[in-house]
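The values are calculated or read from the model by the stated rules, or taken from the named source; none is laboratory data. If you're wondering where the values come from, they're calculated on a predicted model, not measured in any experiment. Positions of Cβ are generated from backbone atoms using ideal geometry, with glycine treated the same way; all protein chains shown enter the neighbour counts. To get the accessible areas, we keep the full protein, side chains included, count just its heavy atoms, and leave off ligands, DNA and RNA. Shrake-Rupley method; radii C 1.70, N 1.55, O 1.52, S 1.80 Å.
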Amino acid sequence: MGKILVTGGAGYIGSHTAVELLDAGKEIVIIDNFSNSKPDVLENIKKITNKDFKFYEIDYSDREKLEKVFEENEIESVLNFAGYKAVGESVKKPIEYYTNNISGCLVLLDTMRKYGCKKFIFSSSATVYGDPEIVPLTEECKIGGVTNPYGATKLFIEQILCDLYDSDNTWDICILRYFNPVGAHESGLIGEEPQGIPNNLMPYIVRVASGQLEKLSVFGDDYDTHDGTGVRDYIHVVDLAKGHVKALEKLDKEKEGIFIYNLGTGVGYSVLDMVKAFEIATEKEVPYVITERREGDIATCYSDASKAKRELGWIAEKSLEDMCKDSWRYIERQLK
Ligand code: UFG
């Protein structure tokens, strides 16, 4: 059996997926340049799983070094988590985002082709749906209308993958559209570590609860939702990671093809629902103020996750309480 290459395997979603792959008995190779992660994560993946893996500290867009990884290992499939992911930062640094996410992915795909490795799983995002015309979002819903360079990189790479498959249908490609990943591994050993002040809701809530930040700004309470605040489909990162294992199993079994799946729970919660759920789950207070809407935000976004259930046999199992408790446990450990 060949090995699975995990690019960005020390990052938030990459590390949780590495754990699930190792737990499922797969052999993996991780590459990461630690641009948004830390080396201890690798030790913690080993601690959680009691398994070992090869690691290379390289940038996935460094063709020469990447080729060496393919030379030294029999790579059968690739999961790509090496993208930059901060929406706001992408507006300020479009060249960095397009270069890392798109050029990097092209170097990776070209190298895979050179070594005859044609199984690829790509981390896409619900952001490709832009401002949804209807919810829940199915994979057939219109894509486009992204409002920032980060979203554009996801949309463009999806297109690149479709074109690649059209040009050579011996590729096996799976595009996974993530909704809003939150939570952490229940061990508290790996989780999300945003640098500086977090932009996303859950990391912000956690830092308010810990006293590192004073209060949460709730961006707008005049949306057309049940309480006026934005509604999203929050999904536990461990469920998301398990979705990758299922996707890989599908690629291993099926004839070649290109497949697209939403990975979400199918349920939407508002910002205030999240604050309340967090307070109940952790018995911590989360002071907040209502402020202006954030530019580029949409009212509601949640998935129809039935295709993944039907075709992958995957379903998100963890509750909102788990998401809150696990997010908190990780930060509590960091503070000790
Ligand atoms: N929010 C607040 N206050 C905050 C942060 C967020 O009220 O301090 C609100 C937002 O307005 C939104 C909700 O919380 O209603 C969720 O916001 P996030 O920033 O956590 O997530 P987004 O839905 O805006 O973005 C996420 C991912 C992106 C992805 C996008 C669409 O972070 O990578 O979903 O799929 F592109």
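Filter segment 44-77 down to residues that are out of contact with any helix residue (DSSP H, G or I) (no Cβ under 9 Å at 6 or more places or on another chain) and either closer than 27 Å to Lys246 by Cα or not basic (Lys, Arg) (or both) and give me whichever is nearest to the ligand (Cβ to nearest atom). Full working, then the answer.
Initial filter on segment 44-77 (out of contact with any helix residue (DSSP H, G or I) (no Cβ under 9 Å at 6 or more places or on another chain)): 47, 57, 64-65, 68, 71-74.
Now narrow it down to the ones that are either closer than 27 Å to Lys246 by Cα or not basic (Lys, Arg) (or both): 47, 57, 64, 71-74.
Values: Lys47: 28, Glu57: 25, Glu64: 31, Glu71: 34, Glu72: 33, Asn73: 30, Glu74: 33 Å.
Only one residue tops the list, namely Glu57.
So that you can scan it fast, the table gives a plain yes or no per residue for (1) open to solvent by less than 10 Å² (accessible area, probe 1.4 Å); (2) farther than 20 Å from His185 by Cα:
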{"residue": "Gly9", "(1), (2)": "yes, no"}
{"residue": "Tyr12", "(1), (2)": "no, no"}
{"residue": "Leu22", "(1), (2)": "yes, no"}
{"residue": "Ile31", "(1), (2)": "yes, yes"}
{"residue": "Ser37", "(1), (2)": "no, no"}
{"residue": "Lys47", "(1), (2)": "no, no"}
{"residue": "Asn50", "(1), (2)": "no, no"}
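Can you tell me how many residues in segment 293-308 are more than 25 Å from Val218 (Cβ to Cβ) and exposed (fewer than 15 other Cβ atoms within 10 Å of the Cβ)?
Taking segment 293-308 first, the residues more than 25 Å from Val218 (Cβ to Cβ) are 304-308.
Of the ones still in play, those that are also exposed (fewer than 15 other Cβ atoms within 10 Å of the Cβ) are 306.
Residues flagged as more than 25 Å from Val218 (Cβ to Cβ) and exposed (fewer than 15 other Cβ atoms within 10 Å of the Cβ) within segment 293-308 amount to 1.
List every residue pair whose Cβ atoms lie under 8 Å apart, where the two residues are 6 or more positions apart in sequence or sit on different chains, the first residue falls within segment 191-209 and is at pLDDT below 95 and among the small types (Gly, Ala, Ser), and the second residue, located anywhere, is in a loop (DSSP other than H, G, I, E, B) and near the ligand (Cβ under 9 Å from one of its atoms).
That search, which allows pairs on different chains as well, returns nothing.
Among the residues of segment 215-230, write down those that are more than 7 Å from the ligand (Cβ to nearest atom) and either outside any loop (DSSP other than H, G, I, E, B) or in contact with a Phe, Trp or Tyr (Cβ under 6 Å, 6 or more places away or on another chain) (or both).
Pass one, segment 215-230, residues more than 7 Å from the ligand (Cβ to nearest atom): 215, 221-228.
The one that is more than 7 Å from the ligand (Cβ to nearest atom) and either outside any loop (DSSP other than H, G, I, E, B) or in contact with a Phe, Trp or Tyr (Cβ under 6 Å, 6 or more places away or on another chain) (or both): Lys215.
So, Leu248, is that one within 19 Å of the chain's Cα centre (by Cα), in contact (Cβ under 8 Å) with a residue 40 or more places away in the chain and open to solvent by 10 Å² or more (accessible area, probe 1.4 Å) or not?
The answer is no for Leu248.
Could you check segment 78-184 for helices (runs of 4 or more DSSP H) lying wholly inside it with 1 or more residues that are within 16 Å of the ligand (Cβ to nearest atom) and in contact (Cβ under 8 Å) with a residue 40 or more places away in the chain?
Because the criterion is at least 1 residues that are within 16 Å of the ligand (Cβ to nearest atom) and in contact (Cβ under 8 Å) with a residue 40 or more places away in the chain, the helices (runs of 4 or more DSSP H) in segment 78-184 that meet it are 87-92, 94-97, 149-167.
Among (1) aliphatic (A, V, I, L, M); (2) more than 24 Å from Thr170 (Cβ to Cβ); (3) not in a strand (DSSP E or B), which single condition is Val69 missing?
(2)
Which one is most open to solvent (accessible area, probe 1.4 Å) among residues in segment 129-159 that are touching a Leu at 6+ places or on another chain (Cβ under 8 Å) and of a type in the set (Val, Ile, Thr)?
At the first step, the residues of segment 129-159 found to be touching a Leu at 6+ places or on another chain (Cβ under 8 Å) are 129, 143-144, 146.
Those left that are additionally of a type in the set (Val, Ile, Thr): 143, 146.
Numbers: Ile143: 73, Val146: 39 Å².
Going through the qualifying residues, I end up with Ile143.
Taking into account only those residues within segment 185-221 that are closer than 25 Å to Asn44 by Cα and of a type in the set (S, T, N, Q), which is most open to solvent (accessible area, probe 1.4 Å)?
Gln195
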